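Participant: Let me begin by handing over the structure; questions about it come next.
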Amino acid sequence: MNLPLNISALSLQLPPASPQFIALYRPDSDGQAVHATTQELTHGLLAAAAHVSPKFFYNELGSRLFEAITGLDEYYPTRTEAGIFEAAHGPIAATLADAGIKRPCLIDLGAGNCAKAVTLIPHLQPRQYVPVDISVDFLRDAAEQVQNSFPALDIVGLGMDFSAGLALPEEVQSHERVFFYPGSSLGNFHPAQALQFLQHIADPAQGKARGLLLGIDLVKDTARLEAAYDDALGVTGAFNKNLLLNINGLLGANFDVRQWRHVALFNAAESRIEMHLEAACDLAVRWPGHERRFKAGERIHTECSYKYTVDGMTALLRQAGFKHVEYWTDPNNWFAVFWAAV
C-alpha cells in the first residue's frame, strides 16, 4: 500500500547524529581536579604580584562574553583572521594536499563556538573533527551545532585543559592529525612556554601531528592594540571581571566585582598586551583557609597576549621542530595564519 508522501518521508528520516563527547576537565566534581585548581588559584592569588591564568576566564558566561567581544568594532582579530581564511582557504587546502594530507583528523584547540573550524571543514574535508575547550558545557552545545551542520562528520568533543598537557584519548584518530590553533591564543603563553607547547605538537612521539594551522596577531600601533582589549561598551571589562565570579565559584572566595577596575595596556618592551584587575579601594578577599589584602591600586594580572612579527613566529616554529612554514596575511598585515609542517 502506498503511504501519503508526507508520511513516507517522515518514516524514512533517520535520527540526527550526535557527537561523541569526553569531559576530561571537571574542576567542580572531580576531586583531583578540584585540588589542582584550588592549589593553582591559591598560589597565584597569594603571590607577591597576584596573578590568575586566563584559562579561568572561560566558564560558560565567560565563553559567551568572549563571543560578544569578537563582534565588537574594536576587536579586529576575529574578523581579520576570518577574512584570511575566506581569501586563502583554497591555497591552505592545496598546501595540505601537496603535503599528502588527505581527510585529516582536525584537532581544534580552544574551539569555543567552533565557528572558525566550520568555515574550513568544507575545504579540508576532515575524516574526524575534534574540538577541544576548557569550557565543557559551552563546547558540548557548540559540537552539537557542528554535527547538525555536518551530520556525516565524525566528531569527538574534548572538554579538557590542554594547557596542562596534550594527552589525547584513544578515540582521537592517531593518523593524519592536523592541529588547528586560531585566534592568536598561543599569545597567552610566555614565549618560552609557547616554544615548549609547539615542540610538544611537533614531536612525532607526542602529538603525532602532520602539521599545525596557527593564527597569530601581529605587532601594530599601540592605540589599536589597546582599544581591542578595552572597548567603549565595556564588554571586555565585564569579561575580565567575570573571572572573579568564576574564582568565587571554584574557590569559595568572596570577590566583589564592584571593587575592581578593568585595566588593559600594551607593554612595548615585552611586545604584549596585559590585562589586569585593579583594586578600587583597600579590600580583603577571603577563601577557605586563606586571606589576601589588596591596597587601592594593587592589581591582579589576568592575561598576557604576546604579539609577534612574521619573522619572529617563523623562527619560533622552526626552533620548535617544524620543517616547513608558510603564511598568509590580511592586506593591512594585522594578522597572520601560519601552516607549519612536521
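The values are calculated or read from the model by the stated rules, or taken from the named source; none is laboratory data. Note that the structure is predicted; figures quoted are calculated from it, not measured. Methodologically, a virtual Cβ is constructed for each residue, glycine included, from the backbone with ideal geometry; neighbour enumeration extends over all protein chains shown.
Participant: Take the residues of the range 276-288 that are buried (at least 18 other Cβ atoms within 10 Å of the Cβ) and not aliphatic (A, V, I, L, M): which is nearest to the chain's Cα centre (by Cα)? Write out each step before concluding.
Facilitator: The first filter runs over the range 276-288 and keeps only residues buried (at least 18 other Cβ atoms within 10 Å of the Cβ), leaving 276-277, 279, 285, 287.
Applying the additional criterion that residues be not aliphatic (A, V, I, L, M) yields 276, 287.
On the way: HIS276: 19, TRP287: 28 Å.
If we take residues in the range 276-288 being buried (at least 18 other Cβ atoms within 10 Å of the Cβ) and not aliphatic (A, V, I, L, M), then HIS276 is nearest to the chain's Cα centre (by Cα).
Participant: Still on this structure: Can you pull out the strands (runs of 3 or more DSSP E) entirely within the range 257-342 that have at least 3 residues that are more than 27 Å from LEU198 (Cβ to Cβ)?
Facilitator: Numbers: elements: 260-267, 272-279, 283-287, 290-294, 299-306, 324-329, 335-341.
Qualifying strands (runs of 3 or more DSSP E): 260-267, 272-279, 283-287, 290-294.
Participant: State the number of residues belonging to the range 43-89 that are part of a helix (DSSP H, G or I), farther than 16 Å from ASP217 by Cα and polar (S, T, N, Q).
Facilitator: 1
Participant: Taking the range 146-190, which residues are modelled with pLDDT of 95 or more, over 14 Å from VAL118 (Cα atoms) and of a type in the set (Phe, Trp, Tyr)?
Facilitator: PHE179, PHE189
Participant: Which condition from (1) in contact with a Leu (Cβ under 9 Å, 6 or more places away or on another chain); (2) of a type outside the set (Lys, Arg); (3) in a helix (DSSP H, G or I); (4) more than 19 Å from ASN188 (Cβ to Cβ) is the one that PRO126 breaks?
Facilitator: Every condition holds for PRO126 apart from (3).
Participant: When you scan the range 247-258, how many residues do you find that are buried (at least 17 other Cβ atoms within 10 Å of the Cβ) and not β-branched (Val, Ile, Thr)?
Facilitator: Going through the range 247-258 one residue at a time, the tally reaches 4.
Participant: Might you let me know whether the range 201-217 holds any residue that is without any contact (Cβ under 8 Å) to a residue 60 or more places away in the chain, among the charged types (D, E, K, R) and either in contact with a helix residue (DSSP H, G or I) (Cβ under 8 Å, 6 or more places away or on another chain) or in a loop (DSSP other than H, G, I, E, B) (or both)?
Facilitator: Yes, because at least one residue in the range 201-217 is without any contact (Cβ under 8 Å) to a residue 60 or more places away in the chain, among the charged types (D, E, K, R) and either in contact with a helix residue (DSSP H, G or I) (Cβ under 8 Å, 6 or more places away or on another chain) or in a loop (DSSP other than H, G, I, E, B) (or both).
Participant: Next question, about the same structure. Working carefully through the options LEU244, LEU265, LEU195, LEU233, find the one that is buried (at least 18 other Cβ atoms within 10 Å of the Cβ), aliphatic (A, V, I, L, M) and either in contact (Cβ under 8 Å) with a residue 24 or more places away in the chain or farther than 23 Å from LYS116 by Cβ (or both).
Facilitator: Numbers: LEU265 fails: buried (at least 18 other Cβ atoms within 10 Å of the Cβ); LEU195 fails: buried (at least 18 other Cβ atoms within 10 Å of the Cβ); LEU233 fails: buried (at least 18 other Cβ atoms within 10 Å of the Cβ).
None of the other options fit; the residue is LEU244.
Participant: Does ILE273 satisfy being among the β-branched types (Val, Ile, Thr), buried (at least 18 other Cβ atoms within 10 Å of the Cβ), under 30 Å from VAL130 (Cβ atoms) and not assigned by TED's automatic domain parsing to the domain that holds SER53?
Facilitator: Working: among the β-branched types (Val, Ile, Thr): yes; buried (at least 18 other Cβ atoms within 10 Å of the Cβ): yes; under 30 Å from VAL130 (Cβ atoms): yes; not assigned by TED's automatic domain parsing to the domain that holds SER53: no.
No; evaluated as a whole, the condition is false for this residue.
Participant: Would you confirm whether any residue within the range 20-36 is of a type in the set (Lys, Arg) and not in a helix (DSSP H, G or I)?
Facilitator: Step one: filter the range 20-36 for residues of a type in the set (Lys, Arg), giving 26.
Subset that is not in a helix (DSSP H, G or I): 26.
Yes - at least one qualifying residue is present in the range 20-36.
Participant: A follow-up question, please. Step by step: first the residues of the range 142-161, then only those that are in contact with a helix residue (DSSP H, G or I) (Cβ under 9 Å, 6 or more places away or on another chain) and not aliphatic (A, V, I, L, M), then the one that is surrounded by the most Cβ atoms within 10 Å (Cβ to Cβ). Which residue is that? Spell out how you get there, then give the answer.
Facilitator: Step one: of the range 142-161, the residues in contact with a helix residue (DSSP H, G or I) (Cβ under 9 Å, 6 or more places away or on another chain) are 142, 145-146, 149-150, 153, 155-161.
After this cut, where a residue has to be not aliphatic (A, V, I, L, M) as well, the list is 145, 149-150, 157, 159, 161.
Values: GLN145: 13, SER149: 11, PHE150: 17, GLY157: 27, GLY159: 21, ASP161: 18.
Checked the range 142-161; the qualifying residue surrounded by the most Cβ atoms within 10 Å (Cβ to Cβ) is GLY157.
Participant: State all residues of the range 81-109 that are closer than 20 Å to SER185 by Cα and modelled with pLDDT under 95; if no residue qualifies, say none.
Facilitator: none
Participant: Hey, another quick one. Against the conditions (1) of a type in the set (D, E, K, R); (2) touching a strand residue (DSSP E or B) at 6+ places or on another chain (Cβ under 8 Å); (3) assigned to a loop (DSSP other than H, G, I, E, B), where does LYS116 fall short? Just the number, please.
Facilitator: Unmet condition: (3).
Participant: Condition first: among the aliphatic types (A, V, I, L, M) and within 17 Å of the chain's Cα centre (by Cα). Now tell me which residues in the range 196-212 satisfy that.
Facilitator: Within the range 196-212, the subset among the aliphatic types (A, V, I, L, M) is 198, 201-202, 205, 209, 212.
Correct list: LEU198, ILE201, LEU212.
Participant: Now, a different point. One residue is enough: does the range 70-82 have a residue meeting the conditions basic (Lys, Arg) and touching a residue at least 12 places away in the same chain (Cβ under 8 Å)? I'd like the intermediate steps shown before the answer.
Facilitator: Going residue by residue through the range 70-82, those that are basic (Lys, Arg) are 79.
Restricting the remaining residues to those that are touching a residue at least 12 places away in the same chain (Cβ under 8 Å) gives none.
No: zero hits.
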